[in-house]
Amino acid sequence: MTGTRTIRHIHIEADPLRLDFQGTEEQVNSVAAELAGNAGLTVTVDDDVAPDLPILPCARLWR
């Protein structure tokens, strides 16, 4: 499986703000780890990726 990348869904919530993006597993996990310690912020990572889900902003920074 060389060269294949798993695409994941990240959901970021800080009531009433709700954001959903898609990105590679590495990118999404990096963002989730960075945001993990923020009080009042809920971050969920899963495989619920829809074709119309926007790409994680500045995705290249999260490698």
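Assorted remarks:
- Label-to-label distance, nm, for residues given as Leu19 and Thr6 (7 Å Cα→Cβ offset): 2.3
- Accessible carbon and sulfur surface of the chain relative to its total accessible area, %, 1.4 Å: 53
- Acute angle (nearest 10 degrees) that the helix 25-35 long axis makes with the longest principal axis of the chain, alpha-carbon atoms: 20
- Taking 0.36 nm per residue of separation and subtracting the Cα-Cα distance, full extension of the segment from Ala50 to Glu26 would add 6.8 nm.
- Relative contact order for the chain, counting Cα pairs under 8 Å that sit 6 or more residues apart, in percent: 39
- Estimated purely from DSSP H runs of n ≥ 4, each contributing -39500 (n - 2.57), the mean residue ellipticity at 222 nm for the chain is -5500 deg cm²/dmol once divided by its residues.
- The trypsin sites (Lys or Arg not before Pro) of the range 1-55 meeting both criteria, a DSSP state outside H, G, I, E and B (loop) and at most 12 other C-beta atoms within 10 angstrom of the site's C-beta, are Arg5.
The values are calculated or read from the model by the stated rules, or taken from the named source; none is laboratory data. Bear in mind that the values here come from a model prediction, so they are computed numbers and not experimental data. No Cβ is skipped: glycine too gets one built from the backbone with ideal geometry, and neighbour counts run over all protein chains shown. These accessible areas exclude ligands, DNA and RNA; they are computed on the full protein's heavy atoms, side chains included. Shrake-Rupley method; radii C 1.70, N 1.55, O 1.52, S 1.80 Å.
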